[in-house]
Amino acid sequence: HKGSVGAALSSAARRLADNTWTPQQTRELAARLDPGQETVFIPVPSSTGRNQLPGALAKKLAAELGGTYVDYRGMYESKGSGFMKDIAAHERPFAPRKYELTNPERLQALAGKQVVVVEDIVTTGSSMYRFVKALRRDGIKVKTVASLTGDTRLDAPWHLVKDLQNTL
């Protein structure tokens, strides 16, 4: 039963990524990348391990832009106080997600490449910010970030906006 549910979720995530991400977004992302450098796409780790949408989008982008998909599982583990979706958006900055490196050898898949961190929906930007920060802490340079959508009314802290702008 678990396998059929996982397959259904994976299929739904692929359909959503395919139907939501636009060719214009692909062109805009491609403009931020160096075509002469190898690109890897890594999704932000899920707090539950069940969210397949960032991975589906990362796989789609890797295929469209000629890059490589890298799975965070077995590389990073998400730690924090509960599931983010159970925490009100205005309370999420006070319940930060932490990302622990679980297998340093797997970082070789990212080293020396232009890394694109992929998220599904950016609500506060905190999870993406903290994952980018963890990658940097572990010696990985992040080229840019990509997400299906984000709240344009974000009232993010100035340092978060500054760090995301620097990443972009």
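The values are calculated or read from the model by the stated rules, or taken from the named source; none is laboratory data. From a predicted model like this one, the values you see are computed outputs, not experimental measurements. Don't worry about glycine lacking a Cβ; one is built from the backbone with ideal geometry, like all the others, and counts go over all protein chains shown. Surface areas here come from the heavy atoms of the whole protein model, side chains and all, with no ligands, DNA or RNA. Shrake-Rupley method; radii C 1.70, N 1.55, O 1.52, S 1.80 Å.
Number of residues in segment 115-143 that are in contact with a Ser or Thr (Cβ under 7 Å, 6 or more places away or on another chain) and either among the acidic types (Asp, Glu) or surrounded by fewer than 19 Cβ atoms within 10 Å (Cβ to Cβ) (or both) equals 3. The helices (runs of 4 or more DSSP H) found wholly in segment 1-74 and carrying at least 3 residues that are open to solvent by less than 80 Å² (accessible area, probe 1.4 Å), in contact with a helix residue (DSSP H, G or I) (Cβ under 6 Å, 6 or more places away or on another chain) and on the phi < 0 side of the Ramachandran plot occupy 53-65.
Residues that are at pLDDT 95 or above and loosely packed, with under 13 Cβ neighbours inside 10 Å do not occur anywhere in segment 82-95.
Scanning segment 138-168 for residues that are at pLDDT 95 or above and part of a helix (DSSP H, G or I) gives no hits. Checked against (1) at pLDDT 95 or above; (2) within 12 Å of the chain's Cα centre (by Cα), GLN114 meets all criteria but (2).
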